1. Given the conditions (1) away from the ligand (no atom under 16 Å from the Cβ); (2) at pLDDT 95 or above, which single one is not true for Asp174?
2. Out of all the residues in region 2-34, which are without any contact (Cβ under 8 Å) to a residue 40 or more places away in the chain and buried (at least 17 other Cβ atoms within 10 Å of the Cβ)?
3. Hey, can you tell me all the residues within region 367-376 that are more than 22 Å from Gln347 (Cα to Cα) and either of a type in the set (A, V, I, L, M, F, W, C) or modelled with pLDDT under 95 (or both)?
4. Here are some residues: Ala295, Ala310. Which one is within 14 Å of Ile358 (Cβ to Cβ), touching a His at 6+ places or on another chain (Cβ under 9 Å), surrounded by 23 or more Cβ atoms within 10 Å (Cβ to Cβ) and not polar (S, T, N, Q)?
5. Looking at region 158-193, which of its residues are outside any strand (DSSP E or B) and either among the hydroxyl-bearing types (Ser, Thr, Tyr) or touching a Leu at 6+ places or on another chain (Cβ under 6 Å) (or both)?
6. How many of the residues in region 313-329 are under 20 Å from Thr359 (Cα atoms) and of a type in the set (Ser, Thr, Tyr)?
7. Among the residues of region 260-273, write down those that are away from the ligand (no atom under 14 Å from the Cβ) and buried (at least 20 other Cβ atoms within 10 Å of the Cβ).
8. Give the number of residues within region 110-131 that are without any contact (Cβ under 8 Å) to a residue 12 or more places away in the chain and either of a type in the set (A, V, I, L, M, F, W, C) or away from the ligand (no atom under 16 Å from the Cβ) (or both).
Amino acid sequence: MSFQPHIQRVGVLGGGQLGKMLSQAGSRWDLNLWLLDKDKDFPAGTVNRQFVEGDFKDFQDVYVFGKQVDVLTIEIEAVNTEAMLRLEEEGIEIHPAPKPLQIIKDKGLQKQFYREHQLPTSDFQLYESKEAVIQALKDVELVFPFVQKSRTEGYDGRGVAIIKGEEDLPKLLDSACVVEKLVDIDKELAVIVAANKKGDIQSFPVVEMAFHPTANLVEFLLCPARVDAEVAQRATELAERVIKAYDIKGLLAVELFLTKSGDILVNEVAPRPHNSGHHTIESCATSQFEQHLRAILNLPLGDTHVLQPAAMVNVLGDPGYEGPVRYEGLDEIFQIPQVFPHLYGKQFTRPYRKMGHITVLGDTIEEAIQKARTVQQLIKVKA
Ligand code: ADP
């Protein structure tokens, strides 16, 4: 049967900014998404009337919601996968499938998955608690420096502790964790790859992430990445191996480390649209959001080539402000050509909260970076 977007029921677990941008992409085709999250005032609720209030971590809420849709997807990993497994058994189509999602939700299982599938990743060890990490140090089974990550519930750098020596021990997280070798990182890269049921696979051009010095969040995101064509090719091939290994349909954002010695390692993945793909809305022939919808609906995947180089700036809550949000600098930003602000519609700001992003296009990546620096100095998120 030919594709009839207006009668398709696509359900999305989560109603944050990714759900908002997915809704906006779907709405161009009159494809109406249904979203499940706690509050209609969340970002996706501001653009989509089909918003069901409920908890995506709750079995019953996810099960009842999932029963009403043709295809179920996610915009956040912290969802109830037991309910998804039941729905899958009962014939609901789900992308990403709950089994790979269960692996991805747990950083320990993720690392074991890469080891088992011979996908390059940093060396690691799993521990049950902070005490177990300290014991391993005493036994000289573990040595400084290392990176400790909480196995579950970590995001945006929370749940990650970089331990270079004794002085960092107070930073140790008290939870079941992965302890990884500290990688000598040259660049952090990401490749967003999509697959559909027909077996088509299509990657977006490699992006380069530049990190904020204190917030441990991406400060700038550059596309195309400033790496050799050979490195870009290896990064893309690795990302495609990873999506095949998981057998995921939909998007998979693969975060990679390019090491100082030139190796490329898988850091972690997200089976959904990702912060590192926001620039695609304006800078690529197909946006990551449209690509995710194409992939989960088994449609032909879209052309991913770069129309123009882009630098993306996350709009984060300024430290020191908490409360109803007030933006400063937008008037000045609007005077700069080819600058595209996206505000997610969150009513309250807090330090480093992701409130929006701004994509800046240039004729060259250098020009985009230069304009992005100006944008970053202009935009202020206060209360
Ligand atoms: P999150 O899920 O919170 O984004 P990540 O695993 O991406 O956590 O880690 C956050 C950041 O910490 C990375 O982007 C990188 O800068 C740093 N980091 C993570 N793992 C390592 C490692 N093994 N070696 C060096 N730095 C790391």
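1. Of (1) away from the ligand (no atom under 16 Å from the Cβ); (2) at pLDDT 95 or above, only one is false for Asp174: (2).
2. Selection gives Ser23, Asn32, Leu33, Trp34.
3. Correct list: Ala368, Ile369, Gln370, Ala372, Arg373.
4. Going through Ala295, Ala310 in turn, the sole match is Ala310.
5. Ser175
6. 1
7. Pro273
8. Number satisfying all stated conditions: 3.
The values are calculated or read from the model by the stated rules, or taken from the named source; none is laboratory data. In this text, all values refer to a predicted model and were calculated from it rather than measured experimentally. Using ideal geometry, Cβ is built from the backbone for each residue, glycine included, and neighbour counts are taken over all protein chains shown.
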